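Below: the structure, in structure tokens.
Please treat every number below as a calculation from the coordinates, not as lab data. What you are looking at is a predicted structure, and each value in this text was computed from that prediction instead of being measured. Virtual Cβ from ideal backbone geometry, glycine too; neighbours counted across all protein chains shown.
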Amino acid sequence: MTSGPVERSWCVVVPHHPTGARLARHRLADELTGLVPTVLLADLVAVLAELVGNAIRHADPLPGRVVRVAWRLSPVPGDGHLVQLRVTDGGAGTGPRMRAASPDAVDGRGLHIVSGLATRWGVDRDGLGQSVWAEFDPAGTPRPDLVAAG
């Protein structure tokens, strides 16, 4: 009897505090190193940092002054995994939205980064708060590799 690839998921809570983003990034990197390609892992870490940072800056915490962070790997036909990140907080007066940021602005680019790296992203609301999620689909529209100016 052989077993094929299985779905795997993780869920952690981090403090609704700036250290929460660092803890979430390190946990994600520790758990997914070796399971996803290095380039994808870098994108996942960047997006998770943005989502957790936004939850901490702009939303209320969940009970216990925490933010819930989850990720799931789902096998897809061929080679690779669909990866979903989900950050759940206590919600805010207004939902997450992309903003225009001038070149001199110190913030306002986070969801543009999420949109540029993820295949798709969105927001779900329920009685507890809101979840902002991002998916990375290996069959999704490829994005050009970012090349540093030399």
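Near residue 119, the amide H atoms lying under 5 Å from its own belong to 135, 136, 137; only residues 5 or more places off or on other chains count, and H is placed 1.01 Å from N.
Quick check: residue separation of residue 10 and residue 31 times 0.36 nm, minus the Cα distance between them. What number comes out in nm?
The span from residue 10 to residue 31 would gain 6.7 nm if fully extended.
A simple spin-label model places pseudo-atoms 7 Å from Cα toward Cβ; at residue 113 and residue 42 they are separated by 1.4 nm. Taking a ≥ b ≥ c as the square roots of the eigenvalues of the alpha carbon gyration tensor, region 9-92 is prolate, as a/c is not under 1.5 and a/b beats b/c.
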